[in-house]
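**Student:** Handing you a structure now.
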């Protein structure tokens, strides 16, 4: 079997991500987090069709999250946090219906709306959009994410009312909405979050 | 090879290790670029894409 796993996290690697690695036909797990890797996401990334987990957090990657990410339909974990990515999230992300972990936090240039269709990602257990410039209210469709255990929308431009539909997220153990622009009072449906240990 | 004190760069020649299934070098002090030769292993695969 050719290379399935590349774990190079917590080094001082620099330069760009070589697009060639994404042609490895059995590649399942790539972790390049906590390095000094720069440049943009290679479009070749879409070739790694068996990729299960991709962690690129805590680097200095920039540019858009390329739509080719949408070809990684086996992906369960996508961690792009703490980089310099910018522009809107590609709608192709919504094709990743096996995703359990989606972390975009700490990319100040990520803007635009939270897509309503995020409700398709019903296996999500972790979703963080904190420390981005995403605006728009929380779509009520989030209520479909019934497996969600952690939801972070802190320090964003997200505003409006906290939709009462969030009350159906009964698996939540952590909810961080601090520093965003929500209006009105703390909703009473919080009482349905019986597993919540952090608020 | 994780969590050693390895320094320097990742040699291009790693791309010749065609039996390698996992490359684990996390937690070292490696510098330089990720060699694109890692992708060569795809061409040598007996499993066609």
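**Student:** Averaged across orientations, what area in nm² does the convex hull of the alpha carbons in region A:146-199 project?
**Tutor:** Computing the convex hull of the Cα atoms and averaging its projections yields 3.3 nm².
**Student:** Can I ask one more? Is there a simple number for the mean count of other chain Cβ atoms within 10 Å of the Cβ of residues in B:1-10, and what is it?
**Tutor:** Partner Cβ neighbours, averaged per residue: 2.
**Student:** P(r) for chain A: what percent of alpha-carbon pairs falls in each 10 Å bin, starting at zero?
**Tutor:** Spelled out per bin, shortest first, that is 9, 35, 34, 17, 4, 0.
**Student:** Assuming R0 = 30 Å, can you tell me the calculated FRET efficiency for the pair residue A:62 and residue A:189, based on Cβ-Cβ distance, to the nearest 0.05?
**Tutor:** Efficiency for this residue pair is about 0.15.
**Student:** Kindly state, as a whole number, the per residue volume in cubic angstrom of the convex hull around the alpha carbon atoms of region A:10-55. Write out the running numbers ahead of the final one.
**Tutor:** Working: hull volume 3.0 nm³, N = 46.
Cα-based convex hull of region A:10-55, divided per residue, equals 66 Å³.
Quick note: the coordinates plus some simple rules give every number you see, no bench work behind them. Predicted, not measured: the structure shown is a model, and the values here were computed from it. Cβ coordinates were reconstructed from backbone atoms using ideal geometry, including for glycine residues, and neighbour counts include every protein chain displayed.
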